[in-house]
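Notes for the one structure printed next.
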Amino acid sequence: MSAAEYGVVMPGEVDIALQSHLTRADGQEDICFALWAPSTGQIRKTAIVREVLLPGRGDRDVHGNVSFNAPYFQRAIAEAMQKGMGISLLHSHPLGRGWQGMSLDDVDTERAIAAPTFGATELPLLGMTLSGDGKWSARFWNKVAPREYARNWCRSVRVVGDRLGIGFNPALAKVLDATDRQIRTVSSWGPEVQADFGRMRFCIVGAGSVGGFIAEALARMGARFIYLIDFDRVETHNLDRLCYANKSDVGHFKVEVLDRYLRMIATSDTLESVPIIKSVADPEGLKAALDCDVIFSCVDRPWGRHILNQIAYAHLIPVIDGGISIRVGKNQTMKAADWRSHVATVGRKCLCCLGQYNTGMVQSEREGLLDDPKYINGLPDGHPYKTHENVFAFSMACASDMMLQFLAYFVNPVGYSNMGARVTHFVGGRQDDPDFEGCEPNCFFAGAIGNGDRTLIC
């Protein structure tokens, strides 16, 4: 991976507004400004395009090509300074297809406003182009010397909404031919979906029983970039649930054991599996997660889920989450076993509104109380943090449902990208009606959509 990387993400409703304005019935080019917020990962700087500033009367001249007038740019600067955001200049190439290059006029226009943009906002100008087939391309204009700005192309542009849309810069994210070990996978959804899948960056937070299954599924389907975040070691009592570990692995870090396993079974010839022996609450773990396009939440503690919830909404990185609950009677007789799966993203319920964790327990974990036997024993019987039962088969079922949630969201088969939040009951063999609702009124996380680095993650 490169030392520095750039990307863009926007909510689906912003994409719709931009496409509606920039795609003209007369086939001419058009232009507009937008505001963006930064999201800073370990290697990737992402612009979150949040607010569209449509031109008014006299703000631009459409004449085959298109140009903007000075008062329009000045209004964009004033808005950006007031809101502490960056400026993006967007225009359309109606005849273009896929990722677009730049004409000399395009380069001159963006370079000319790079300096005043940075001077006013202390953020680089973001240039974006919409092609005739609805695909985006993007670049940052970074200051490299006094009065000198250089263009840095983005690796990808993502749209997070009803479904996950992602377009890649073919020069920075190369398409690799599918291997002969991926024939059956590619035949299910075609080479275009497979090409995008192979260029995505995945993050798995929690390398336990569910995380192990998720990682294996991704590696076998042809994923090339997988971050593994966990700080625990393999223990003897884990071996009935970890699909990737054996007795010789006891005492070793889970992510290192899983990394070694993935390299043995991956169907891609170029797997980059990155073990990170940290918590996602640690700055290094958090920054690594912000480099990714999709995160799988395989944690069962409130603090980790709280952080991932903020990432899903403030940084627009979809989080595929799930959980298992098993209740056992006093005589060790199973009373119930349930598991759930869902996608935390724009327009869908966050992990808190789904009841996946209680914000009041976050501080308890930060203070170490969830590792204090006296505190745990004082919790009421049946409390989720008081029980540790699990079975390999239930982990497998939960991981399967989480993977199906991701595939629906990304592949969008026949327009069916939203399975809804789902709960399955083993005892009774039934499934609740899917939940398609959004967050509760006044939800903090829904109100933080696209805030990026300005949202304090804690």
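The values are calculated or read from the model by the stated rules, or taken from the named source; none is laboratory data. These numbers come from a predicted model, not from an experiment. Please note: Cβ atoms are built from the backbone with ideal geometry, for glycine as well, and neighbour counts cover all protein chains shown.
Before we move on, is L104 free of Cβ contacts under 8 Å to residues at least 12 places away in the same chain, under 30 Å from P170 (Cβ atoms) and assigned by TED's automatic domain parsing to the domain that holds R158?
In short, yes.
The rows are residues; the columns are (1) in a loop (DSSP other than H, G, I, E, B); (2) not aliphatic (A, V, I, L, M).
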site	(1), (2)
N142	no, yes
R151	no, yes
G167	no, yes
P170	yes, yes
A173	yes, no
D177	yes, yes
V186	no, no
V193	no, no
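Taking the stretch 172-181, which residues are at pLDDT below 95 and either surrounded by 18 or more Cβ atoms within 10 Å (Cβ to Cβ) or of a type in the set (F, W, Y) (or both)?
Of everything in the stretch 172-181, just one residue is at pLDDT below 95 and either surrounded by 18 or more Cβ atoms within 10 Å (Cβ to Cβ) or of a type in the set (F, W, Y) (or both), namely A178.
Taking G206, is it under 15 Å from the mean Cα position of the chain (by Cα) and under 25 Å from S364 (Cα atoms)?
Judged against the criteria, G206 is not a match.
Checking the condition in a loop (DSSP other than H, G, I, E, B), surrounded by 14 or more Cβ atoms within 10 Å (Cβ to Cβ) and modelled with pLDDT under 95, which residue from N390, N442, N418 passes?
N390
For the condition at pLDDT below 95 and either surrounded by fewer than 20 Cβ atoms within 10 Å (Cβ to Cβ) or not aliphatic (A, V, I, L, M) (or both), what is the one hit in R147, R111?
Values: R111 fails: at pLDDT below 95.
R147 is the lone residue from the list that is at pLDDT below 95 and either surrounded by fewer than 20 Cβ atoms within 10 Å (Cβ to Cβ) or not aliphatic (A, V, I, L, M) (or both).
Which one of these is outside any loop (DSSP other than H, G, I, E, B), surrounded by fewer than 14 Cβ atoms within 10 Å (Cβ to Cβ) and modelled with pLDDT of 75 or more: Q363, Q405?
Answer to the check: Q363.
Mind checking which residues of the stretch 72-114 are polar (S, T, N, Q) and either farther than 24 Å from K135 by Cα or in a strand (DSSP E or B) (or both)?
Of everything in the stretch 72-114, those that are polar (S, T, N, Q) and either farther than 24 Å from K135 by Cα or in a strand (DSSP E or B) (or both) turn out to be Q74, Q82, S88, S92.
If a residue must be more than 15 Å from L262 (Cβ to Cβ), surrounded by 18 or more Cβ atoms within 10 Å (Cβ to Cβ) and not aliphatic (A, V, I, L, M), how many such residues does the stretch 183-205 contain?
Number satisfying all stated conditions: 4.
What are the pairs, 6+ residues apart or on separate chains, where a residue within the stretch 422-450 that is under 24 Å from L316 (Cα atoms) has its Cβ under 6 Å from a residue that is in a strand (DSSP E or B) and at pLDDT below 95?
Nothing qualifies.
Residues checked against (1) surrounded by 23 or more Cβ atoms within 10 Å (Cβ to Cβ); (2) more than 30 Å from N358 (Cα to Cα); (3) of a type in the set (F, W, Y):
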position: A207; (1), (2), (3): yes, no, no
position: I214; (1), (2), (3): yes, no, no
position: F253; (1), (2), (3): no, no, yes
position: D269; (1), (2), (3): no, yes, no
position: A281; (1), (2), (3): no, no, no
position: A288; (1), (2), (3): yes, no, no
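Here is a check on your reading of the model: is A173 farther than 25 Å from R301 by Cβ, of a type outside the set (S, T, N, Q) and in contact with a strand residue (DSSP E or B) (Cβ under 7 Å, 6 or more places away or on another chain)?
Yes: the conditions hold for A173.
Just to be sure before I move on: is L218 surrounded by 23 or more Cβ atoms within 10 Å (Cβ to Cβ) and either within 25 Å of V343 (Cβ to Cβ) or in contact with a Leu (Cβ under 6 Å, 6 or more places away or on another chain) (or both) in the structure I sent?
yes
For V274, are the conditions met, namely being closer than 17 Å to I43 by Cβ, surrounded by 14 or more Cβ atoms within 10 Å (Cβ to Cβ), in the same structural domain as E365 (by TED's automatic domain parsing) and β-branched (V, I, T)? First the steps, then the outcome.
On the way: closer than 17 Å to I43 by Cβ: yes; surrounded by 14 or more Cβ atoms within 10 Å (Cβ to Cβ): yes; in the same structural domain as E365 (by TED's automatic domain parsing): yes; β-branched (V, I, T): yes.
Yes.
Of the residues S39, S67, which is over 32 Å from the mean Cα position of the chain (by Cα), surrounded by 13 or more Cβ atoms within 10 Å (Cβ to Cβ) and either not assigned by TED's automatic domain parsing to the domain that holds F202 or not in a helix (DSSP H, G or I) (or both)?
Numbers: S39 fails: over 32 Å from the mean Cα position of the chain (by Cα).
It is S67.
Condition check ((1) within 24 Å of G41 (Cβ to Cβ); (2) in contact with a Gly (Cβ under 7 Å, 6 or more places away or on another chain)) across all residues:
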residue: H306; (1), (2): yes, no
residue: R327; (1), (2): no, yes
residue: Q332; (1), (2): no, no
residue: A336; (1), (2): no, no
residue: W339; (1), (2): no, yes
residue: V343; (1), (2): yes, no
residue: V346; (1), (2): yes, yes
residue: R366; (1), (2): yes, no
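Counting only residues that are of a type in the set (D, E, K, R) and more than 16 Å from G27 (Cα to Cα), which one in the stretch 79-97 is farthest from the chain's Cα centre (by Cα)?
E79
Please list, ordered by first then second residue, the pairs with beta carbon atoms under 6 Å, 6 or more apart or interchain, first in the stretch 157-171 and at pLDDT 95 or above, second polar (S, T, N, Q).
If the second residue must be polar (S, T, N, Q), the pairs left are V160/T345; R163/N412; R163/S417; I166/S156; F168/S156.
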